[in-house]
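Novice: Supplied in structure tokens, the structure appears directly below.
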Amino acid sequence: MIRELVGGIYFGDKIEGPLTGMKYAKDDCTYTAEQVRRVAVTAFEEARKRRSALTNIHKANVLATSRFWNEIVEQAAKDFSDVPYKSMLVDNAAYQLVKAPAQFNGVVLIENMQGDILTDQAGGIIGSLGLMPSACIGPEKSYVEAAHGSAPDIAGMNIANPYSMIGSVALMFDRCLNLPDEAQDIWDGLFNIFAQGFITKELASGINEHKKTVSTSEFGDMVAASILK
Ligand SMILES: CC(C)[C@H](C(=O)O)[C@@H](O)C(=O)O
């Protein structure tokens with residue numbers, strides 16, 4: 001899922017300070033052509049690299065910013081005629097993501113606020129936000145982070161699931177350091193340990209009940225050993 005991160009309603013004009021007694025509140029939503037084009041090109045490039053489709057999500061039946069978004073995305077699509085393209089309203093996408101998630105295989109392009117919501121929903125569908133590595137890619141600077149919070153309630157207990165942190169490091173090698181082979185080694189190590197049925201406590205329920213539960217550090221050590229092999 002490729003989410004625009006520096007535009008939209010998060011960054012529009014807003015009323016700062018206390019709102020008690022106000023007659024209204026507002027958050028303006030603005031997108032520039034440059035912002036949309038940049039994230040659209042990133043998404044199309046990723047889809048081309050993966051030889052997959054791109055699904056563009058929007059709310060163009062209501063929002064001017066979404067109609068504008070679609071115009072720029074569809075202009076960009078002309079340079080990527082080899083990438084299968086479809087677009088979907090965000091409310092329908094929320095429904096489809098639960099009902100038939102496989103149709104989103106490939107790359108999903110989405111604006112900031114809508115993406116905030118749908119990426120968490122996608123985390124729920126795959127079983128945990130803890131399985132969501134993420135990278136924030138800028139033209140000059142980038143950083144990576146796990147998409148979940150810092151889980152202070154389980155700090156120091158050696159039970160947290162390190163998947164998204166390790167995956168974020170793989171994204172760092174790939175996207176920030178331009179070392180795709182090393183990134184692939186990390187993914188391979190991670191998938192290898194999962195494929196052997198090892199998980200951490202957070203994931204150890206439901207369909208995972210029969211799997212082998214290990215601590216955070218044991219899981220990390222096994223991934224490291226697998227990478228070194
Ligand atoms: C903490 C919050 C502002 C943030 C966001 O909405 O971007 C978070 O939900 C996320 O997705 O990383």
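The values are calculated or read from the model by the stated rules, or taken from the named source; none is laboratory data. For clarity, every value in this text was computed on a predicted model and none was experimentally measured. Every residue, glycine as well, gets a Cβ built from its backbone with ideal geometry; the counts of neighbours run over all protein chains shown. Quick note on the areas: whole protein, heavy atoms, side chains included, nothing else; ligands and nucleic acids left out. Shrake-Rupley method; radii C 1.70, N 1.55, O 1.52, S 1.80 Å.
Novice: List pairs: first in segment 2-25 and not assigned by TED's automatic domain parsing to the domain that holds Ala64, second open to solvent by 50 Å² or more (accessible area, probe 1.4 Å) and assigned to a loop (DSSP other than H, G, I, E, B), Cβ under 8 Å, 6+ apart or cross-chain?
Specialist: none
Novice: Let me ask something else about it. For segment 143-153, check the following and say yes or no: at least one residue is away from the ligand (no atom under 12 Å from the Cβ) and among the small types (Gly, Ala, Ser).
Specialist: Yes; the residues of segment 143-153 include at least one that is away from the ligand (no atom under 12 Å from the Cβ) and among the small types (Gly, Ala, Ser).
Novice: Taking the options Ala135, Ala100, name whichever one is in contact (Cβ under 8 Å) with a residue 24 or more places away in the chain and either away from the ligand (no atom under 15 Å from the Cβ) or surrounded by 13 or more Cβ atoms within 10 Å (Cβ to Cβ) (or both). Reasoning before the result, please.
Specialist: On the way: Ala100 fails: in contact (Cβ under 8 Å) with a residue 24 or more places away in the chain.
Checking each option against the conditions leaves just Ala135.
Novice: Kindly indicate the residue of segment 103-115 that is more than 12 Å from the ligand (Cβ to nearest atom) and in a helix (DSSP H, G or I) and also least open to solvent (accessible area, probe 1.4 Å) among those meeting that condition.
Specialist: Phe104
Novice: What tally of residues in segment 7-23 results from selecting those that are in a loop (DSSP other than H, G, I, E, B) and either more than 16 Å from the ligand (Cβ to nearest atom) or exposed (fewer than 15 other Cβ atoms within 10 Å of the Cβ) (or both)?
Specialist: Of segment 7-23, the ones in a loop (DSSP other than H, G, I, E, B) are 7, 12-13, 15-23.
So of that shortlist, the ones also either more than 16 Å from the ligand (Cβ to nearest atom) or exposed (fewer than 15 other Cβ atoms within 10 Å of the Cβ) (or both) come out as 12-13, 15-23.
Of the residues in segment 7-23, 11 are in a loop (DSSP other than H, G, I, E, B) and either more than 16 Å from the ligand (Cβ to nearest atom) or exposed (fewer than 15 other Cβ atoms within 10 Å of the Cβ) (or both).
Novice: So which residues in segment 111-120 are more than 18 Å from Met165 (Cβ to Cβ) and either among the charged types (D, E, K, R) or modelled with pLDDT under 95 (or both), if there are any at all?
Specialist: Residues satisfying the conditions are Glu111, Asp116.
Novice: In this structure, is Gly156 under 20 Å from Phe219 (Cα atoms), open to solvent by 40 Å² or more (accessible area, probe 1.4 Å), modelled with pLDDT of 90 or more and over 13 Å from the mean Cα position of the chain (by Cα)?
Specialist: The answer is yes for Gly156.
This table checks each residue for (1) part of a helix (DSSP H, G or I); (2) assigned by TED's automatic domain parsing to the domain that holds Leu109; (3) buried (at least 18 other Cβ atoms within 10 Å of the Cβ).
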{"position": "Arg38", "(1), (2), (3)": "yes, yes, yes"}
{"position": "Glu45", "(1), (2), (3)": "yes, yes, no"}
{"position": "Arg48", "(1), (2), (3)": "yes, yes, no"}
{"position": "Asn56", "(1), (2), (3)": "no, yes, yes"}
{"position": "Thr65", "(1), (2), (3)": "yes, yes, yes"}
{"position": "Phe68", "(1), (2), (3)": "yes, yes, no"}
{"position": "Ile72", "(1), (2), (3)": "yes, yes, yes"}
{"position": "Ala76", "(1), (2), (3)": "yes, yes, yes"}
{"position": "Lys86", "(1), (2), (3)": "no, yes, no"}
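Novice: So, one more: I'm told Ser52 meets every condition in (1) open to solvent by less than 70 Å² (accessible area, probe 1.4 Å); (2) within 16 Å of the ligand (Cβ to nearest atom); (3) not in a helix (DSSP H, G or I) except one. Can you identify the failing condition by its number?
Specialist: That leaves (2) as the condition not met.
Novice: A further question on this structure: Is there any pair with a first residue in segment 209-227 that is farther than 22 Å from Gly127 by Cα and a second that is in a helix (DSSP H, G or I) and open to solvent by 50 Å² or more (accessible area, probe 1.4 Å) whose Cβ atoms are under 7 Å apart and which are 6 or more apart or on different chains, and what are they?
Specialist: From residues that are farther than 22 Å from Gly127 by Cα, the pairs are Ser226/Asn192; Ile227/Asp185.
Novice: Another question, if that's okay. Could you count how many residues in segment 209-223 are open to solvent by 60 Å² or more (accessible area, probe 1.4 Å) and small (Gly, Ala, Ser)? Break it down stepwise before answering.
Specialist: As a first pass, look at segment 209-223 and keep what is open to solvent by 60 Å² or more (accessible area, probe 1.4 Å): 209-213, 218, 221.
When the remaining residues are screened for being small (Gly, Ala, Ser), the result is none.
Residues in segment 209-223 being open to solvent by 60 Å² or more (accessible area, probe 1.4 Å) and small (Gly, Ala, Ser): 0 in total.
Novice: Now a separate question. Among the residues of segment 24-36 satisfying the criterion of being open to solvent by 30 Å² or more (accessible area, probe 1.4 Å) and among the hydrophobic types (A, V, I, L, M, F, W, C), which is nearest to Lys86 (Cα to Cα)? Please lay out each step first, then the result.
Specialist: Initial filter on segment 24-36 (open to solvent by 30 Å² or more (accessible area, probe 1.4 Å)): 24-30, 32-35.
Subsequent filtering for residues that are among the hydrophobic types (A, V, I, L, M, F, W, C) retains 25, 29, 33.
On the way: Ala25: 35, Cys29: 24, Ala33: 20 Å.
It comes out as Ala33.
Novice: Could you say whether any residue in segment 116-130 is closer than 30 Å to Gly197 by Cβ, acidic (Asp, Glu), within 16 Å of the ligand (Cβ to nearest atom) and part of a strand (DSSP E or B)?
Specialist: Among the residues of segment 116-130, not one is closer than 30 Å to Gly197 by Cβ, acidic (Asp, Glu), within 16 Å of the ligand (Cβ to nearest atom) and part of a strand (DSSP E or B), which makes the answer no.
Novice: Scanning segment 198-229 for residues that are part of a helix (DSSP H, G or I) and aliphatic (A, V, I, L, M), which turns out nearest to the chain's Cα centre (by Cα)?
Specialist: If we take residues in segment 198-229 being part of a helix (DSSP H, G or I) and aliphatic (A, V, I, L, M), then Leu203 is nearest to the chain's Cα centre (by Cα).
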